[in-house]
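Taking it in order: structure first as structure tokens, then the write-up.
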Amino acid sequence: MGAVIDVKRPDGGSVRGYLAEAGRGKPGVVVIQEWWGLNDQIMGVADRFARAGYNALAPDLYKGRVTTKPDEANHMMEGLDFPGATSQDIRGAVQHLKGMSGKVAVMGFCMGGALTVAACVHVPEADAGVCFYGIPPKDFADPAKITKPFQGHFANKDDWCTPAAVDELAAAMQKAGQKPDIHRYDAAHAFANERSEAYDVNCANQAWERMLSFLGKTLK
């Protein structure tokens with residue numbers, strides 16, 4: 001359904017991305033990859049958004065590198081310039097969609113979930129954020145500084161993005177006067193990825209429907 005395009009970054013450079021279009025003037029969603037890279041699964045999420053009526057753009061943060069091996073994925077994630085990916089690649093993707101869409105949200109899974117939080121803090125053009133089981137270090141992106149609509153989907157059986165970390169994120173936002181829409185699932189990390197052993201179809205479908213409802217309200 002979609003196509004790979006070049007997206008201009010704020011610094012004048014470019015990043016490649018997968019664009020799935022629903023039509024000019026439709027709301028937009030920037031889809032941020034997991035640590036595996038911009039793979040078929042993430043492009044499939046963009047296609048799914050397009051079918052739901054959203055222009056969706058997934059920037060290629062690893063510049064063409066994709067893996068199925070956890071050790072290699074961890075190595076690539078550790079080598080990623082997170083501030084640069086946020087302020088240049090993701091912001092460039094948001095700005096690109098702003099040129100063809102109405103309001104634009106940012107969403108992502110795992111590493112992409114953490115970068116969603118960062119984008120909500122550091123990308124002023126983003127109108128909303130939906131995070132799936134990912135939280136960045138506070139010194140990089142303090143959730144208390146999020147001022148736009150925010151929804152989070154988290155797993156209760158997660159030893160990385162732990163329930164305690166989710167509690168801290170929610171408390172920080174609430175203390176700052178925000179009202180984050182937080183949902184928790186009796187599932188494991190990566191429950192929304194159909195290629196993961198942790199995939200839980202019921203929780204994944206429930207999270208997707210909740211996300212579409214949230215986006216429908218916030219991107220009007």
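The values are calculated or read from the model by the stated rules, or taken from the named source; none is laboratory data. Note that this is a predicted model, so its numbers are computed, not measured. Note that we place each Cβ from the backbone using ideal geometry, even for glycine, and neighbour counts take in every protein chain shown.
Here is a check on your reading of the model: is G113 farther than 11 Å from K148 by Cβ, out of contact with any helix residue (DSSP H, G or I) (no Cβ under 8 Å at 6 or more places or on another chain) and buried (at least 21 other Cβ atoms within 10 Å of the Cβ)? So G113 passes the test.
Screening Q174 with (1) over 18 Å from the mean Cα position of the chain (by Cα); (2) among the polar types (S, T, N, Q); (3) within 18 Å of A105 (Cα to Cα) gives one miss only, at (3). Of all the listed residues (L57, L38), the sole one being closer than 26 Å to F140 by Cβ and assigned to a loop (DSSP other than H, G, I, E, B) is L38.
Considering only region 124-138, I want to know if a residue exists there that is at pLDDT below 95 and over 18 Å from L169 (Cβ atoms). No, region 124-138 contains no residue that is at pLDDT below 95 and over 18 Å from L169 (Cβ atoms).
Within region 60-105, being outside any helix (DSSP H, G or I), among the hydrophobic types (A, V, I, L, M, F, W, C) and at pLDDT 95 or above holds for L61, V66, L80, V104, A105. Of the strands (runs of 3 or more DSSP E) lying entirely inside region 121-212, the ones with 3 or more residues being among the aliphatic types (A, V, I, L, M) and touching a residue at least 24 places away in the same chain (Cβ under 8 Å) are found at 181-188.
In this entry, T86 passes the filter for residues that are more than 23 Å from R48 (Cα to Cα), buried (at least 22 other Cβ atoms within 10 Å of the Cβ) and of a type in the set (S, T, N, Q). Go through (1) within 28 Å of T68 (Cβ to Cβ); (2) at pLDDT 95 or above one by one and return the number of the condition E197 breaks. Of the numbered conditions (1) within 28 Å of T68 (Cβ to Cβ); (2) at pLDDT 95 or above, the odd one out for E197 is (2). Determine if region 95-105 includes at least one residue that is surrounded by 23 or more Cβ atoms within 10 Å (Cβ to Cβ) and either charged (D, E, K, R) or within 27 Å of R184 (Cα to Cα) (or both). Yes, region 95-105 has at least one match.
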